[in-house]
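Report on the following structure.
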Amino acid sequence: MKYYHSTRNSSISVNGAQAVLQGIAPDGGLFVPENFEKLDLEGLFSLDAYGLFARVLCALLGGWTEREMRETVVTGYRGRFETEEVTPLVTAGETHILELFRGPTSAFKDVALSLLPHFITRAAREERVTDEIRILTATSGDTGKAALEGFRDVPGIDIAVFYPRDGVSPVQKAQMVTQEGRNVHVCAVDGNFDDAQSGVKQIFESVRDRGLSSANSINIGRLVPQVVYYFSAYADLVKQGRLTPGAKLSFTVPTGNFGDILAGFIAGELGLPIGRLVCASNENNVLTDFLRTGTYDRRRSFYRTLSPSMDILISSNLERLLYLVSGDCELVASLMQQLKTDGFYTVPAELLEKIQSRFWAGCCGDEATEETIREVWERHSYLCDTHTAVAWNVAQQYEKAAESPDPMVVFSTASPYKFPAAVLSAIGAKCDGDEFDMMSALEKATGVAMPANLRSLRERSVLHTGCVKPGKMRGYVLDLLEGKT
Ligand SMILES: *Cc1c(COP(=O)(O)O)cnc(C)c1O
């Protein structure tokens, strides 16, 4: 049996099923595995994508056989993702790009959120939960839709998504407000993502034991599938003869809540030879500053950028990194308390040094983002979205700064068709219509096919129009729990 404990108190310990069901630990900490088992790297290279998912997931979630896990993985992905590889690796020039957006809602969140409902359903069975489970989710744009699509009409589960009213792209918003399903609730918040995420965390703290769980990366069940594609990128490069088994591979990850990049750190703990994890931020560069100086300071302006899914100042999963590197719950609890009361904290010098030996950080503004989209398109005929462009740009910064950089994989986290206005203007094309016209114009200008799920968006009816102030989120959820809405 595999156990998890809170980052803030190691005596708060639960099994995998309980961790997935609770989402967040009762003391406000996040669940982390108590230990990591090293995987046999060579043994992974002969597996297909589904087999690789099964092997790595079994190492992280206790209580499954590899065969059961494979069945779940096949159910989650086959026919729902564009390819059986799930996350294909492509190469442009010297750079390898891991395409994480080939799922049902065209963002990387689909990889985890196609499996999480299965994890939760099974956990509920194991723990003999008979009451309805409520999933509460805050989204910076992509998690919301991916979670709605993953959980729609799953028996015994009900889902509510909160998104920042003016903080998501028009396509992202259209995806969410047209969501069908008898168990889905979608509500705008009059605030930014941090307001929505804090609101959800507070509801968790105040409304315990009412069957609430989370689809955000605070839930360990949401995080673990993201570990797998670090291994799949590595295995693909080995199979293509571009990487010697055992050699180090670096990754650049466009980062917001620090979930995706933390999954890379966990992959390293399982034995994957990682060079550096390069953390790429937009103008909201709180993580760049932290990874360079050791001071995390959220007392700064919040910017709305062209890469809205990374417009975040409070990166939840950094808490897990602080624990995994220091092994010190008391330290983590006190840093998180400082962040809450003072708005900043500074980590001890030796902790920073350890973190810096694994991570590198950089950021890029909107103008550089657009330039990068244009450059990558003109040089390599590869069309990338705004988040991927931030990562590409920062990967280049890293390669200039590093003495002998290892081969690099850049994560591509969303389809360019989710951000058609920015991408279209970046490549110098014009269109005067609305976002839907821009999607068609982008397809015409580039010849890159629009994903089917986005093509049908314009015709769908708007089903969700609610909007609440951050202070009213709790009331909204209580009404749902009482069955009033
Ligand atoms: C969520 C998201 C990110 C950031 O991922 P985190 O796990 O929050 O760091 C980057 N790009 C896109 C497109 C996203 O949707």
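Selection of the range 163-202 for residues being hydroxyl-bearing (Ser, Thr, Tyr), surrounded by fewer than 21 Cβ atoms within 10 Å (Cβ to Cβ) and either farther than 27 Å from Glu132 by Cβ or within 18 Å of the chain's Cα centre (by Cα) (or both) yields only Ser198. Reported count of residues in the range 258-289, each being out of contact with any helix residue (DSSP H, G or I) (no Cβ under 8 Å at 6 or more places or on another chain) and crowded, with 24+ Cβ neighbours inside 10 Å, is 1. Selection of the range 256-280 for residues being part of a helix (DSSP H, G or I) and within 13 Å of the ligand (Cβ to nearest atom) yields Gly259, Asp260, Ile261, Leu262, Ala263, Gly264, Phe265, Ile266. Going through the range 154-167 one residue at a time, which ones are away from the ligand (no atom under 16 Å from the Cβ) and either part of a strand (DSSP E or B) or hydrophobic (A, V, I, L, M, F, W, C) (or both)? Within the range 154-167, Val154, Ile157, Asp158, Ile159, Ala160 qualify.
Looking across Thr446, Thr465, Thr413, one residue alone is touching a Pro at 6+ places or on another chain (Cβ under 7 Å) and among the hydroxyl-bearing types (Ser, Thr, Tyr). It is Thr413. Within the range 130-153, the set of residues being more than 10 Å from the ligand (Cβ to nearest atom) and touching a residue at least 60 places away in the same chain (Cβ under 8 Å) comprises Asp131, Glu132, Ile133, Arg134, Ile135, Leu136, Thr137, Ala138, Ala147, Gly150, Phe151. Consider only pairs whose beta carbons are under 7 Å apart and that are at least six residues apart or on different chains; among these, list those whose first residue lies in the range 193-213 and is over 20 Å from Ile157 (Cα atoms) and whose second residue is among the charged types (D, E, K, R) and surrounded by 21 or more Cβ atoms within 10 Å (Cβ to Cβ). Correct list of pairs: Phe193/Asp311.
Across the range 394-402, a minimum of one residue is classified as under 26 Å from Ser232 (Cα atoms), charged (D, E, K, R), over 18 Å from the mean Cα position of the chain (by Cα) and assigned to a helix (DSSP H, G or I).
Residues that are touching a Gly at 6+ places or on another chain (Cβ under 7 Å) and at pLDDT 95 or above: does the range 451-458 have at least one? The answer is no; no qualifying residue exists. Filtered by the rule that a residue be in a loop (DSSP other than H, G, I, E, B) and either in contact (Cβ under 8 Å) with a residue 60 or more places away in the chain or within 16 Å of the ligand (Cβ to nearest atom) (or both), the range 305-346 gives Thr305, Leu306, Ser307, Asp311, Ile312, Leu313, Ile314, Ser315, Ser316, Asn317. The helices (runs of 4 or more DSSP H) found entirely in the range 32-128 that carry 3 or more residues being over 30 Å from Ala389 (Cα atoms) are 41-44, 49-60, 66-77, 116-126.
The values are calculated or read from the model by the stated rules, or taken from the named source; none is laboratory data. The structure displayed is predicted, hence computed values, not measured ones. All Cβ positions, glycine included, derive from the backbone under ideal geometry; neighbour counts span all protein chains shown.
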